[in-house]
Amino acid sequence: MRPRAYLLSDGMITAMIQLHMTAAEVAGNFPDVLAKVREGAEVLVEHDHQPVAVIRSSKPMGRPISECIASARASGSNVTLDGEFAADVEDGIRSRQGEWNPPSWD
């Protein structure tokens, strides 16, 4: 792995580590590559010193619940959620926080 640091601009300047690896290096160290991506690194996969793929964290889908609540308050919503609803939402969130174990392909 050959780390290179670079700066991105999306309204804020952010420092990110970009790792340049060959496809063979990625294949031989995939769990380590995913660990680096989870830590915020971006991996540029190269073949003959030419980029062929980029591995980076996916952007979260949807809006955070805090943003939904703020939007409801800002619009003057007077909806009242009972305690059972909140418990159901919390149960749903907890049930999806485990490690994802997809089925293996034979």
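The values are calculated or read from the model by the stated rules, or taken from the named source; none is laboratory data. None of these values were measured; they are calculated from a predicted model. We place every Cβ from the backbone using ideal geometry, glycine too, and count neighbours over all the protein chains shown.
So the values come out like this:
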{"item": "Odd one out for LEU7, checked against (1) at pLDDT below 90; (2) within 30 Å of ASN101 (Cβ to Cβ)", "result": "(2)"}
{"item": "Residue in the stretch 66-86 that is part of a helix (DSSP H, G or I), surrounded by 11 or more Cβ atoms within 10 Å (Cβ to Cβ) and among the hydroxyl-bearing types (Ser, Thr, Tyr) present", "result": "yes"}
{"item": "Conditions (1) within 19 Å of ILE17 (Cα to Cα); (2) touching a residue at least 24 places away in the same chain (Cβ under 8 Å); number of the one not met by PHE30", "result": "(2)"}
{"item": "Inter-residue pairs, beta-carbon under 9 Å, first without any contact (Cβ under 8 Å) to a residue 24 or more places away in the chain and in the stretch 59-78, second among the charged types (D, E, K, R), 6+ apart", "result": "SER71/ARG63"}
{"item": "Check on ALA53, touching a strand residue (DSSP E or B) at 6+ places or on another chain (Cβ under 7 Å) and either assigned by TED's automatic domain parsing to the domain that holds PHE30 or modelled with pLDDT of 85 or more (or both)", "result": "yes"}
